[in-house]
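The values are calculated or read from the model by the stated rules, or taken from the named source; none is laboratory data. All figures in this text were calculated on a predicted structure; none of them were measured in a lab. With ideal geometry, Cβ positions are generated from the backbone for all residues, glycine too; neighbour counts draw on all protein chains shown. Accessible surface areas use protein heavy atoms only, side chains included; no ligands, DNA or RNA. Shrake-Rupley method; radii C 1.70, N 1.55, O 1.52, S 1.80 Å.
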Amino acid sequence: MDQVRWDDDGPWIPDFGDSDRPDKYPDGMHSGVGGLGHVLAEIRLTRQWTPAEQSLAVGIADRLRAGIPTATCTTFFDGLVSSIGVLTALDQPGTSAALERLQALATANGWSESFLDEPRYTPGAVGNDVTLGTGAILLGSLWATRRGEDASALANRAADLLLGEQEKLPTGVNWQFVSRRFRTDEPTEMPNFSHGLAGIAAVLAVAGVELGRPELVDVARRGAEHLVTLGINDDKGFRVPRVIPWAERHGDEYTFNWCHGGAGTASAFSALEYADVPEIAGETPQTWRHRCLDGVRYSGIPERLHPGFWDNDGRCCGTAGVGDAFLDAWHRDGDEQDLEFAVRMGDTLLEHAYPEGYWRFVEYRDEDPLLRPGVGWMQGVAGIAAYLFRLQRVLGGDQRAVERMENWFSAARPRRS
């Protein structure tokens with residue numbers, strides 16, 4: 001709250017404590033003021049908002065609504081899908097306007113973004129993934145429908161576009177972050193949740209249920225069949241490389257966070273459980289989900305085992321996101337081991353906190369390895385604080401969880417139960 005600033009457009013926050021206004025995406029969920037909507041939703045389950053928090057919630061919603069008619073970014077992190085998530089978190093109107101804007105921005109290939117203007121991409125390129133691409137549009141439209149809007153036409157369009165971009169392989173199906181037909185180079189893959197196959201399979205499985213389209217569930221299953229061929233499955237769980245092909249410049253071959261590791265990839269198998277898929281490569285989705293979480297559990301985190309290993313406490317790439325994934329698993333299964341691991345993540349966050357109430361991540365290759373304290377949801381204090389609010393509620397006997405578009409099917413018990 002100390003970092004919130006106000007101007008003629010409403011509230012905003014810096015990317016880092018006491019830095020200038022961000023040049024890009026000041027309204028976004030990832031690091032912009034929109035992300036504070038999600039921590040406010042967590043606070044509202046814990047206690048009543050203060051007058052300042054109430055004012056901030058209204059200000060955020062007003063700011064986002066004002067930007068919708070001219071928005072060109074569509075993504076889950078920072079665009080119109082982000083706005084859908086924030087407005088629903090705050091119980092504020094405006095979702096229908098965001099959906100209409102998404103419809104207006106659609107091209108024959110989908111929804112293009114400014115970062116796809118790089119030389120490696122051809123004109124008209126679109127992404128496929130669940131955070132920056134067509135998968136994000138599908139995720140946002142499903143969530144809006146779940147929250148009372150009629151976004152089924154948009155959802156079906158996004159699902160059909162994803163079906164058209166699948167790569168059929170002997171081991172199943174795959175999607176590139178950006179399809180080969182839009183690239184001038186040989187792509188590297190990021191197959192975990194945030195930018196790759198796991199996230200796309202997850203959202204297609206949920207879409208198959210919500211839209212009454214079993215062919216979407218089947219293609220999600222075949223995506224998971226391919227996914228399990230990409231990783232290692234042993235007595236330390238299941239883990240998929242963060243980048244394929246891996247090179248030393250990418251850092252550790254495996255990580256264990258929400259965006260590129262098992263904490264997020266487990267969501268793909270949660271979605272397949274939700275869709276009542278009986279098995280993947282001879283095992284149930286529940287078994288694969290548990291193995292993803294075991295990969296995290298036995299990885300050594302949250303200890304910083306070597307330079308570059310687990311230097312992040314945030315929601316996207318670090319400790320808070322892992323803790324949230326294990327709380328989702330505990331809500332779903334009631335396994336006390338998952339709650340114990342979630343508590344361990346919370347204890348670590350308390351150990352790493354600065355007395356002033358912020359966290360500083362590490363970039364070991366820099367001369368000064370301590371990074372400036374982040375403010376926002378995915379890589380800053382807002383996301384970490386939200387996890388601690390949730391954990392304290394759980395430990396106090398309150399099992400309510402804030403549903404968000406990327407987690408509700410992970411925390412929900414399978415429909416057949």
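The lone criterion from (1) surrounded by 22 or more Cβ atoms within 10 Å (Cβ to Cβ); (2) at positive phi left unmet by GLY148 is number (1). Of the residues making up the stretch 198-229, those that are farther than 14 Å from ALA266 by Cβ and aliphatic (A, V, I, L, M) number 11. Would you check which residues across the stretch 90-117 are under 23 Å from ASN192 (Cα atoms) and assigned to a loop (DSSP other than H, G, I, E, B) and list them? GLY110, TRP111, SER112, GLU113, listed by residue number. Looking at ARG222, ARG213, which one is modelled with pLDDT of 95 or more and touching a strand residue (DSSP E or B) at 6+ places or on another chain (Cβ under 6 Å)? Just one listed residue meets the conditions, ARG222. Note on the stretch 91-111: residues that are under 17 Å from SER179 (Cβ atoms) and open to solvent by 50 Å² or more (accessible area, probe 1.4 Å) amount to 2.
If only residues of the stretch 261-289 that are in a loop (DSSP other than H, G, I, E, B) and surrounded by fewer than 24 Cβ atoms within 10 Å (Cβ to Cβ) are counted, the one that is farthest from the chain's Cα centre (by Cα) is GLY282. Kindly check whether there is at least one residue in the stretch 190-202 that is touching a Phe, Trp or Tyr at 6+ places or on another chain (Cβ under 9 Å), modelled with pLDDT under 95 and not in a helix (DSSP H, G or I). So far as the stretch 190-202 goes, no, none of its residues is touching a Phe, Trp or Tyr at 6+ places or on another chain (Cβ under 9 Å), modelled with pLDDT under 95 and not in a helix (DSSP H, G or I).
When the stretch 162-176 is limited to residues that are hydrophobic (A, V, I, L, M, F, W, C) and more than 21 Å from the chain's Cα centre (by Cα), the one that is least open to solvent (accessible area, probe 1.4 Å) turns out to be VAL173. Within the stretch 314-360, the residues that satisfy the criterion of being more than 19 Å from the chain's Cα centre (by Cα), open to solvent by 10 Å² or more (accessible area, probe 1.4 Å) and either on the phi > 0 side of the Ramachandran plot or among the aliphatic types (A, V, I, L, M) (or both) are GLY334, LEU339, VAL343, LEU350, ALA353, GLY357.
Among the criteria (1) aromatic (Phe, Trp, Tyr); (2) within 20 Å of the chain's Cα centre (by Cα); (3) open to solvent by 20 Å² or more (accessible area, probe 1.4 Å), the one TYR298 does not fulfil is (2).
Can you tell me which residues in the stretch 177-188 are open to solvent by 30 Å² or more (accessible area, probe 1.4 Å) and over 22 Å from ALA108 (Cα atoms)? Answer for the stretch 177-188, where residues must be open to solvent by 30 Å² or more (accessible area, probe 1.4 Å) and over 22 Å from ALA108 (Cα atoms): ASP185, GLU186, THR188. Selection over the stretch 396-415 of residues that are within 18 Å of SER83 (Cα to Cα) and not in a loop (DSSP other than H, G, I, E, B) gives a count of 1. Pairs meeting the criteria (first residue in the stretch 373-395 and among the charged types (D, E, K, R) and in a helix (DSSP H, G or I), second residue at pLDDT 95 or above and crowded, with 24+ Cβ neighbours inside 10 Å, beta carbons under 9 Å, at least 6 apart or on different chains) are ARG390/GLY323; ARG390/ASP324; ARG390/LEU327.
Every condition in (1) surrounded by fewer than 22 Cβ atoms within 10 Å (Cβ to Cβ); (2) closer than 22 Å to ILE84 by Cβ; (3) among the hydrophobic types (A, V, I, L, M, F, W, C) is met by VAL39 except one, and the failing one is (1). Please find, within the stretch 151-161, the residue that is nearest to PRO119 (Cα to Cα) out of those that are of a type in the set (A, V, I, L, M, F, W, C) and surrounded by fewer than 23 Cβ atoms within 10 Å (Cβ to Cβ). Once the filter is applied, the top-ranked residue is LEU161. The numbered conditions (1) part of a helix (DSSP H, G or I); (2) touching a Phe, Trp or Tyr at 6+ places or on another chain (Cβ under 8 Å); (3) without any contact (Cβ under 8 Å) to a residue 24 or more places away in the chain are all true for ASP160 except (2).
Taken as a whole, the condition of being touching a Phe, Trp or Tyr at 6+ places or on another chain (Cβ under 9 Å) and either farther than 29 Å from ALA155 by Cα or open to solvent by 10 Å² or more (accessible area, probe 1.4 Å) (or both) does not apply to THR229. Given the residues ASP15, ASP27, which is the only one that is in contact with a strand residue (DSSP E or B) (Cβ under 9 Å, 6 or more places away or on another chain), open to solvent by 40 Å² or more (accessible area, probe 1.4 Å), within 15 Å of VAL381 (Cα to Cα) and not small (Gly, Ala, Ser)? The unique qualifying residue is ASP15. When ASP150 is tested against (1) modelled with pLDDT of 95 or more; (2) in a loop (DSSP other than H, G, I, E, B), just one condition goes unmet, and that condition is (1).
Restricting to the stretch 189-204, name every residue that is in contact with a Lys or Arg (Cβ under 8 Å, 6 or more places away or on another chain) and surrounded by fewer than 24 Cβ atoms within 10 Å (Cβ to Cβ). Of everything in the stretch 189-204, just one residue is in contact with a Lys or Arg (Cβ under 8 Å, 6 or more places away or on another chain) and surrounded by fewer than 24 Cβ atoms within 10 Å (Cβ to Cβ), namely MET190.
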